[in-house]
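Peer 1: Below: one structure in structure tokens.
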Amino acid sequence: EAGVTQFPSHSVIEKGQTVTLRCDPISGHDNLYWYRRVMGKEIKFLLHFVKESKQDESGMPNNRFLAERTGGTYSTLKVQPAELEDSGVYFCASSQQGGALYEQYFGPGTRLTVT
Amino acid sequence: AQSVAQPEDQVNVAEGNPLTVKCTYSVSGNPYLFWYVQYPNRGLQFLLKYITGDNLVKGSYGFEAEFNKSQTSFHLKKPSALVSDSALYFCAVKYNTDKLIFGTGTRLQVFP
């Protein structure tokens, strides 16, 4: 079974540019999560999809971030325009079911550097 | 506010010695606790979780963790460390929600 995959693995962009990150969850996993780790700090929750619907987007930092999951399969996270403070590692995770009992399976992350 | 603390940025241990990576949490009610490990250039891998029941939880790669409600701790342990255990370890908690609340991570370095 393939794990969670993320693309690209690294992205370096200039302030003001746009970047789109992609996440492919484990096949059959309806729940998809985005997290972010800013250098040396904790990993913070961004949002949660159940199929194509946003279940919880309380962690999205501002309206420069747009997440989509059309068709309930892969998800994209767009940052537009990017700012220096957006630099960090963006993780995607998926789980077959939601709820506190179930562990989430994480992808390798996308390292975003905004210069 | 719900939070997780990992008080040590780095833990150094000699191969063959026991290791402990500390985690404390601040959550009202009954938490669900998790440990994840990140090897270089890899994603976070699930190690173990505490939901309810026996306070000692056994997980992957010989790791275990002990839930201590009175001390609000969930320390990760292994009786005999391996060089291959060197990685970044994250403690996390869920409480009445799907989202994981993580600590800042502890880098474990096992020396031969």
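The values are calculated or read from the model by the stated rules, or taken from the named source; none is laboratory data. Quick caveat, the model's predicted, so the values are computed rather than measured. Quick reminder, even Gly has a Cβ in these numbers, built from the backbone with ideal geometry, and neighbours come from all protein chains shown. These area figures cover heavy atoms from the full protein model, side chains too; ligands, DNA and RNA do not enter into them. Shrake-Rupley method; radii C 1.70, N 1.55, O 1.52, S 1.80 Å.
Peer 1: Counting only other chains, what is the mean number of Cβ atoms within 10 angstrom of the Cβ of each residue in peptide B:30-41?
Peer 2: 2
Peer 1: Quote the relative contact order of chain B in percent (integer), defining contacts as alpha-carbon pairs under 8 Å separated by 6+ residues.
Peer 2: Normalised by residue count, the contact order of chain B is 37 percent.
Peer 1: If you don't mind, another one. Sorted from largest down, what three extents in whole angstroms do the Cα atoms of the range A:1-54 have along their principal axes?
Peer 2: Ordered largest first, the range A:1-54 gives principal extents of 36, 22, 22 Å.
Peer 1: Keeping the other protein chains in place, figure out the carbon and sulfur percent of the accessible area of the protein assembly as shown, with a 1.4 Å probe.
Peer 2: Of all accessible area on the protein assembly as shown, carbon and sulfur atoms account for 47 percent.
Peer 1: Over the alpha carbons of chain B, what is the largest minus smallest coordinate on each principal axis, giving the biggest first in Å?
Peer 2: Here the Cα extents, ordered largest to smallest, are 42, 29, 22 Å.
Peer 1: Rank-order A:22-32, A:67-77 by packing density, defined as the average count of other C-beta atoms within 10 Å over each peptide's residues, highest first.
Peer 2: A:22-32, A:67-77
Peer 1: Counting pairs of alpha carbon atoms under 8 Å apart in space and at least six apart in sequence, what relative contact order in percent does chain A give?
Peer 2: Across chain A, relative contact order equals 37 percent.
Peer 1: Can you give the Kirkwood hydrodynamic radius for the range A:6-115, in Å, rounded to one decimal and based on Cα pairs?
Peer 2: Averaging 1/r across every pair of different Cα atoms and inverting gives 13.9 Å.
Peer 1: Going by average Cβ density within 10 Å per residue, which order do the peptides A:49-61, A:101-113, B:76-88 take, highest to lowest?
Peer 2: A:101-113, B:76-88, A:49-61
Peer 1: Moving to a separate point now. What's the center-to-center distance, using Cα atoms, between the range B:78-99 and the range B:1-30 in Å?
Peer 2: Cα centroid of the range B:78-99 versus Cα centroid of the range B:1-30: 8 Å apart.
Peer 1: Separate question: Looking at the calculated P(r) for the protein assembly as shown, what percent of the C-alpha pair distances fall above 31 Å?
Peer 2: Roughly 21 percent, rounded to a whole number.
Peer 1: How many angstrom lie between the Cα centre of the range A:10-35 and the Cα centre of the range A:45-98?
Peer 2: Centre-to-centre distance over Cα atoms comes out at 7 Å.
Peer 1: Further question: Rounded to the nearest 100 Å², what's the accessible area chains B and A bury against each other, both chains counted, probe 1.4 Å?
Peer 2: Roughly 1800 Å² of accessible surface disappears when B and A pair.
Peer 1: Which whole-number value in Å² is the accessible area per residue of the range B:3-111, probe 1.4 Å?
Peer 2: Heavy-atom accessible area per residue stands at 45 Å².
Peer 1: Express as a percent, rounded to the nearest 5, the fraction of DSSP beta bridges in the range B:3-111 (both residues included) that run antiparallel.
Peer 2: For the range B:3-111, the DSSP antiparallel bridge percentage is about 85.
Peer 1: List the residues of the range B:59-106 for which accessible area in the full set of protein chains is at least 30 Å² lower than for the chain on its own; 1.4 Å probe, protein heavy atoms only.
Peer 2: So the qualifying set is B:PHE90, B:LYS94, B:ASP98, B:LYS99, B:LEU100, B:PHE102, B:THR104.
Peer 1: Provide the per-residue ³J(HN,Hα) series for the range B:55-62, in order, calculated from phi with Karplus coefficients 6.51, -1.76, 1.60 and θ = phi - 60°, each as a whole number of Hz, with x at glycine and proline positions.
Peer 2: 5, 9, 10, 9, x, 6, 6, x
Peer 1: Still on this structure, please answer the following. Within 10 Å of each Cβ in A:93-101, how many Cβ atoms from other chains are there, averaged over the peptide?
Peer 2: 4
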